[in-house]
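The values are calculated or read from the model by the stated rules, or taken from the named source; none is laboratory data. All of these numbers come straight from a predicted model, not from anything done at the bench. All Cβ positions, glycine included, derive from the backbone under ideal geometry; neighbour counts span all protein chains shown. The protein model used for the area step is the full one, side chains on, heavy atoms only, and it has no ligands, DNA or RNA in it. Shrake-Rupley method; radii C 1.70, N 1.55, O 1.52, S 1.80 Å.
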Amino acid sequence: LPIRIADACIRASENLQEALISYAQVPCEGIGLNREYDKDAPPLKDVLKESWRPEKPELTDTECSVLTFHGKDGVMIGFMSYFGCHPVVCCQETRYIHGDYPGVATNMLENEYPGAIGLFLQGAQGDVNSCVVHKPEKESLLALDIIAGRYARAVRLGINTAKPLRIDSMSFSRRMVKFTRKNMAIEELKQHLSKNESVIHSPSACAESFDIRMAMVYVGALRERLAAMESNSITDSAEELQGLRLGPVAFLGAPLEIFQAIKNDVKRLAESPFTLIMGLTNGSIGYAPDKTTAARGGYAADMVPMMMGQAPFKDIHTELSRELVELERIIREEPGTAASP
């Protein structure tokens, strides 16, 4: 895999050329639902109808952004699509390796536009699942084709309606941020450890049990965390946020599964004409839950950090929003590198 990546980078460098960049924001519906605020997904026969929409579409992305790149001869050489929804249509009950709905859709579009390279930009998807998830293999594969088709239609519309952008300059910046974590006492962690150890030491424990496998994850992480705390060697690392501006388009990235409410706050406060907030960029340190979900606790707010041997975030909603807005300001106000109009 590293050789393939290196080879792709070499070929990309050799093929650098001037390009016309265009942008569109188009409807993209019938794909996601908010698992924290919506009810569970309806039956498969309902969500696969073209008319299906979640009960609270405003808590999901209902549009996708598309950027196209055309060479001097007018032929499209590449495109990007941006959307926020977990790619988990065809998931744990299959053994297929694939890019889920955005990967299948991108492959379809690359076949329609020979020579064009497609790239999916993962938006804020921390609390948004695809409308089909955790189904048996046969149902998952059926749904994968249908939902990938929905996404492909939206991106295709974006490709066909994108308007040229004036890229007078570009700029890049990054911020190293240490997010505040909750204080967790050693005794509290020892209680969690003891509870999970009792599960794996049960006489009826077997490797096929989901509960056993999850307990093993917790035991390993908690033991490591406790050892670091008891030796006073624990440190919570700073995380890298990235900002890239191409003319009027700001790309903001964080190594987190960002919740929709955080994305909405950043978009509301950002002043760039187009702002794309991307999750899971250059890393994965867990979820960035909104204030309501964090206060409620549970899987995203409490369980996942402990799986990773970390304390839960204290107020990731406020801190991440503030840092991304500041990053957007920096890349917008800095002159950047001049580019050909």
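Odds and ends about this structure:
- Solvent-accessible area, 1.4 Å probe, carbon plus sulfur percent, for the chain: 55
- Computed on the stretch 40-135, with alpha-carbon pairs under 8 angstrom and 6+ residues apart, the relative contact order is 32 percent.
- Taking Cα atoms only, the orientation of helix 316-333 departs from the longest principal axis of the chain by about 30 degrees.
- The accessible area of residue 18, taken with all protein chains in place and a 1.4 Å probe, comes to roughly 120 Å².
- Net charge contributed by nearby residues that have their C-beta within less than 12 Å of residue 298 (K/R +1, D/E -1): -1
- Take each peptide in 69-82, 33-46, 124-137, 314-327, count the other Cβ atoms within 10 Å of every residue, and average; sorted highest first, the result is 124-137, 314-327, 69-82, 33-46.
- Charge context of residue 184, other residues only, Cβ under 12 angstrom, K/R +1, D/E -1: +1
- Separation between Cα centres of the stretch 82-147 and the stretch 192-244, rounded to whole Å: 30
- Entry for Cα extents along the principal axes in Å (calculated from the structure that is shown) out of [x] 57, 48, 43; [y] 69, 49, 43; [z] 110, 79, 56: [y]
- The packing ranking of peptides 291-297, 307-313, 260-266, highest mean first, is 260-266, 307-313, 291-297, where packing means the average number of other beta carbon atoms within 10 angstrom of each residue.
- Cβ-placed point charges (K, R +1; D, E -1), dipole of the stretch 121-180 about Cα centre in debye, nearest 20: 300
- Where the chain is the region considered: accessible area per residue in Å², 1.4 Å probe: 52
- Cys with no candidate disulfide partner in the chain (beta-carbon separation under 4.7 Å rule): 9, 85, 90, 91, 131, 206
- Along the axis of the charge dipole computed for the chain (Cβ charges of +1 for Lys and Arg, -1 for Asp and Glu, origin at the Cα centre), the listed residues 273, 15, 179 are led at the positive end by 273.
- The alpha carbon radius of gyration of the stretch 74-194, expressed as a multiple of 2.2 N^0.38 Å, is 1.48.
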